[in-house]
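Below: one structure, written as structure tokens.
The values are calculated or read from the model by the stated rules, or taken from the named source; none is laboratory data. As the structure is a prediction and not an experimental result, all values here were calculated from the model. Here Cβ is always computed from backbone atoms with ideal geometry, including for glycine, and neighbour counts include all displayed protein chains. With ligands, DNA and RNA removed, areas are computed over all heavy atoms of the protein, side chains included. Shrake-Rupley method; radii C 1.70, N 1.55, O 1.52, S 1.80 Å.
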Amino acid sequence: MNYEEFLGAIDYLLSIAKEKDQQALIRGENYNVFDIIGLTTNEVKLHSSFIADLLNPRGLHGLGIKPLKHFLDILNLQMNDEDLSDAEVIKEYHIGNISDDYTWGGNIDILI
């Protein structure tokens, strides 16, 4: 491939990327309410809290064990509904100080 063919290929790829970006904009795929309110990088307060509530059988979603059961089904883990109803979901569970070699300690984001 010569220099002109290379630049032509780059131009073609850029035009495809531009078209995909325009289509995503039209479909609203770039809209993220969390970007708007400035919370996209706050993992503990946003992501972990949201996921933990979804997995919690007593979460504000009002779906009971359904989200947790579905999550465990994806992992091919089976539990009876009574045990799932009693499940406890904990955010940022501390397992000890972080070791010098970073192989132990810190927090588990979500513990079920």
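For Lys20, what is the net charge nearby, where nearby means another residue's Cβ is under 11 Å from its Cβ and Lys, Arg count +1, Asp, Glu -1?
Working: positive: Lys18, Arg27; negative: Glu19, Asp21, Glu29.
With Lys, Arg at +1 and Asp, Glu at -1, the neighbours total -1.
How big is the charge dipole of the range 1-91 about its Cα centre, in debye rounded to the nearest 20, if each Lys and Arg gets +1 on its Cβ and each Asp and Glu gets -1 on its Cβ?
Details: 8 positive and 15 negative charges, 61 e Å.
Charge dipole of the range 1-91: 300 debye, to the nearest 20.
On the protein heavy atoms, probe 1.4 angstrom, tell me the percent of accessible surface of the chain carried by carbon and sulfur. Don't skip to the end; give the middle numbers.
Working: 5240 of 9030 Å².
About 58 percent, which is the carbon plus sulfur part of the accessible surface.
When only Cα pairs under 8 Å and 6 or more residues apart are kept, what is the percent relative contact order across the chain?
On the way: 95 pairs, mean separation 18.5, N = 112.
Over the chain, the number comes to 17 percent.
Any idea what angle helix 3-27 forms with the longest principal axis of the chain, computed on alpha-carbon atoms, 0 to 90 degrees, nearest 10?
Roughly 50 degrees, rounded to the nearest 10.
How large are Rg and Dmax for the chain when calculated on the C-alpha trace, in angstrom?
According to the Cα coordinates of the chain, Rg and Dmax are 22.3, 68 Å.
Is the shape of the range 54-111 rounded, prolate or oblate, going by the alpha carbon gyration tensor and its root eigenvalues a ≥ b ≥ c, with a/c under 1.5 for rounded and a/b larger than b/c for prolate?
Values: a/c = 3.12, a/b = 2.15, b/c = 1.45.
Taking the square roots of the gyration eigenvalues as a ≥ b ≥ c, the range 54-111 is prolate.
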